[in-house]
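What follows is one structure encoded as structure tokens, with my remarks underneath.
The values are calculated or read from the model by the stated rules, or taken from the named source; none is laboratory data. Source: prediction; values computed, not measured. Here Cβ is always computed from backbone atoms with ideal geometry, including for glycine, and neighbour counts include all displayed protein chains. For accessibility, only protein heavy atoms count, side chains too; no ligands or nucleic acids. Shrake-Rupley method; radii C 1.70, N 1.55, O 1.52, S 1.80 Å.
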Amino acid sequence: MNSLVLASLLPVILLIASGFAAARLGWIQPSSVKDLSNLVFLLLTPALLFHTMSRVHLEQLDFKPVAAYFVAVGLLFGSTFLLQGFNRRAAVLALAATYSNTVMIGVALVTLVYGPAGLVTLLTLVSVHSLVLLTSATVMLELAVAREQLPGAVPRHALTTVFMAVKNAIWHPVTLPLLAGLLFARTGWKLPQALVTPLELMATSFSPMALMLVGVTLAFTHVGAHWRPALVLSGVKNILHPLLVFVLCRWLGVQGLPMTVMVVAAALPIGANVFLFSQRYSVAQELITASVAVSTALALLTLTLALMLVS
């Protein structure tokens, strides 16, 4: 294995393994996972995103790599509906095939490997990632639910569905601090040091906490009888998605660090929000749970291959 790739991934692997070992040794109980997840997702994540984006100006952001990323997303999203038909299951599977764990794993990995420059590139994607994908999935799911309603039931108006989806995507622990950080950067103001110091400490602690939480979650997740379809879905997400992004970046002339970060982002495992969608709409819950676990474990291999491809 390329020594640079190994040196980049080894801290990530060790942090995930330490969380896995802590859970297996009984130091962390299953009942505590939700509390740890809330700590990372609702406190440390907004602190990191606001702290980073509050020092970035919109004119410094390059959305061309993001365009290449979302062309690949659109191809996979549309192909899933063509194969599965227009229904709730297809919408959830399409989301699973395209929605990366850009925050819990992606931010931690890119920060460790590529530093601040790579993080800004990734956060340019993150700033619209959830907004576009979660909104699209919500609209598709609500429209599919409307089609499946019993005769005589009053369906929700399409514009209401779109409005609710956009509102939920913006009022989110990822999207809101990103937008707030960018708006704060536009003012030219400076935060007092009494606020900067705790923000920096929380931002620094995000990566190790998030990666150890991934290991803890893996230790308590049972794949069961769904491992075969979960492996197929994980292959689409972890292998086909980054390959499409790589080809499209080359075609659109995106090179260097921006291309690298987009390919790595596409190679990330399925994000946990997909599981929440499957639960909310009561479709493919066991398959999505298994797929998140398999995709996360498989990512140790596929991220290595992606880093070697773009290095």
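Of the set (1) more than 18 Å from the chain's Cα centre (by Cα); (2) at pLDDT below 90, all apply to THR111 but (1).
Scanning the stretch 78-126 for residues that are under 22 Å from THR45 (Cα atoms), of a type in the set (S, T, N, Q), open to solvent by 10 Å² or more (accessible area, probe 1.4 Å) and part of a helix (DSSP H, G or I) yields THR111, THR121. Counting only residues that are farther than 12 Å from ALA96 by Cα, modelled with pLDDT of 80 or more and assigned to a helix (DSSP H, G or I), the stretch 275-292 holds 1 of them. Every condition in (1) over 17 Å from VAL126 (Cβ atoms); (2) assigned to a loop (DSSP other than H, G, I, E, B) holds for ALA230 except the one numbered (2).
Number of residues in the stretch 33-52 that are open to solvent by less than 40 Å² (accessible area, probe 1.4 Å) and not β-branched (Val, Ile, Thr) equals 6. Summed over the stretch 244-256, the residues that are in a helix (DSSP H, G or I) and surrounded by fewer than 17 Cβ atoms within 10 Å (Cβ to Cβ) give a count of 5.
Restricting attention to the stretch 125-178, the residues being closer than 18 Å to VAL66 by Cα and at pLDDT 70 or above number 13. Helices (runs of 4 or more DSSP H) fully within the stretch 1-77 that include at least 3 residues being over 22 Å from LEU303 (Cα atoms) and modelled with pLDDT of 90 or more: 3-24. Going through (1) within 21 Å of the chain's Cα centre (by Cα); (2) modelled with pLDDT of 90 or more; (3) open to solvent by less than 60 Å² (accessible area, probe 1.4 Å) one by one, SER205 falls short only on (2). If I filter the stretch 189-199 for residues that are at pLDDT below 80, of a type in the set (Ser, Thr, Tyr) and over 25 Å from VAL71 (Cα atoms), do I get at least one hit? Looking through the stretch 189-199, none of the residues is at pLDDT below 80, of a type in the set (Ser, Thr, Tyr) and over 25 Å from VAL71 (Cα atoms). For the stretch 89-102, does any single residue satisfy the condition of being touching a residue at least 60 places away in the same chain (Cβ under 8 Å) and over 27 Å from SER278 (Cα atoms)? Looking for residues that are touching a residue at least 60 places away in the same chain (Cβ under 8 Å) and over 27 Å from SER278 (Cα atoms), one finds none in the stretch 89-102, hence no. Being within 18 Å of the chain's Cα centre (by Cα), open to solvent by 10 Å² or more (accessible area, probe 1.4 Å) and aromatic (Phe, Trp, Tyr): is that true of PHE275 here? It is true that PHE275 is within 18 Å of the chain's Cα centre (by Cα), open to solvent by 10 Å² or more (accessible area, probe 1.4 Å) and aromatic (Phe, Trp, Tyr).
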